[in-house]
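Working notes for the structure below.
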Amino acid sequence: DAGVIQSPRHEVTEMGQEVTLRCKPISGHNSLFWYRQTMMRGLELLIYFNNNVPIDDSGMPEDRFSAKMPNASFSTLKIQPSEPRDSAVYFCASSLLVEQYFGPGTRLTVT
Amino acid sequence: EDQVTQSPEALRLQEGESSSLNCSYTVSGLRGLFWYRQDPGKGPEFLFTLYSAGEEKEKERLKATLTKKESFLHITAPKPEDSATYLCAVQARETSGSRLTFGEGTQLTVNP
């Protein structure tokens, strides 16, 4: 199995620009999670989907963040407009039962 | 609110020097406690799930144990390749949802 796939692996953008992060979960998994990791706050859950439906988006910091899962094999996390404080590593994870399996992450730098 | 506290923040061991990492938790009904390993520049890698007090799981030099208040990750005769950040997370027993609450992690360095 290829595992969870994320793209891009690195993203550098200027403040105010739109950023789209992409995730392909493990085939057959029915839950997908978006996390953000920073030195200050550690690993935080932003949103998760079950069977392509958003279940809990209470971790989404503000309206600038949005996430979609149009089908079982693809999800996006969009930030518009981006701000320097959004700089972090964003992880996507998927699960079938209980254990969550993480992708390699996207390192986002907003200047 | 679910809380996870890991200690120590950092641990430096000599190769072969056994030790334990601690994960204290507060959760409204534990569904599962998870241990992950994270190497620099990579995503967390799943190690163990523990469901009830008294349960133990082993993998190579690692053994995870669980009580009603905390979990320990015991590392026996560690090697330099065991160097990583070890993360603990809990999942509450809810009627729906799969939210994990993570601790801050313990950064382990094993010197040859």
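The values are calculated or read from the model by the stated rules, or taken from the named source; none is laboratory data. Quantities reported herein were computed from a predicted structural model and do not represent experimental measurements. So basically every Cβ, Gly included, is an ideal-geometry build from the backbone, and we count neighbours across all protein chains shown.
Worth a mention:
- Which listed residue, of B:PRO78, B:PRO44, B:PRO112, B:PRO40, is over 14 Å from the mean Cα position of the chain (by Cα) and surrounded by 14 or more Cβ atoms within 10 Å (Cβ to Cβ): B:PRO78
- Qualifying positions in region A:85-101 - facing chain B (nearest Cβ under 8 Å), crowded, with 24+ Cβ neighbours inside 10 Å and over 10 Å from the mean Cα position of the chain (by Cα): A:GLN100
- Residue that is in a strand (DSSP E or B), without any contact (Cβ under 8 Å) to a residue 40 or more places away in the chain and touching an Asp or Glu at 6+ places or on another chain (Cβ under 7 Å), where the choices are A:ILE47, A:ILE55: A:ILE47
- Test: residue in region A:84-104 that is closer than 14 Å to A:LEU43 by Cα, in contact with an Asp or Glu (Cβ under 8 Å, 6 or more places away or on another chain) and part of a strand (DSSP E or B): yes
- Residue satisfying all of: in region A:23-63; surrounded by 15 or more Cβ atoms within 10 Å (Cβ to Cβ) and charged (D, E, K, R); nearest to A:ALA93 (Cα to Cα) among these: A:LYS24
- Whether a residue is modelled with pLDDT of 95 or more and more than 22 Å from B:TYR36 (Cα to Cα) was assessed, and A:ASP86 passes this test.
- Residue within region B:12-30 that is modelled with pLDDT under 95 and of a type in the set (Gly, Ala, Ser) present: yes
- No other residue among A:MET60, A:MET40 is part of a loop (DSSP other than H, G, I, E, B), within 11 Å of the chain's Cα centre (by Cα) and more than 9 Å from every other protein chain (Cβ to nearest Cβ) apart from A:MET60.
- B:GLU104 within 12 Å of chain A (Cβ to nearest Cβ) and not hydrophobic (A, V, I, L, M, F, W, C): yes
- Lone qualifier among B:GLU94, B:GLU17, B:GLU104 - being touching a residue at least 12 places away in the same chain (Cβ under 8 Å), buried (at least 17 other Cβ atoms within 10 Å of the Cβ) and part of a loop (DSSP other than H, G, I, E, B): B:GLU104
- Taking the criterion of being in contact with a Leu (Cβ under 9 Å, 6 or more places away or on another chain) and among the aromatic types (Phe, Trp, Tyr), the residues of region A:37-79 that qualify are A:TYR48, A:PHE49, A:PHE65.
- Restricted to region B:49-71, and to residues there that are part of a loop (DSSP other than H, G, I, E, B) and of a type in the set (Ser, Thr, Tyr), the residue that is nearest to the other protein chains (Cβ to nearest Cβ) is B:TYR51.
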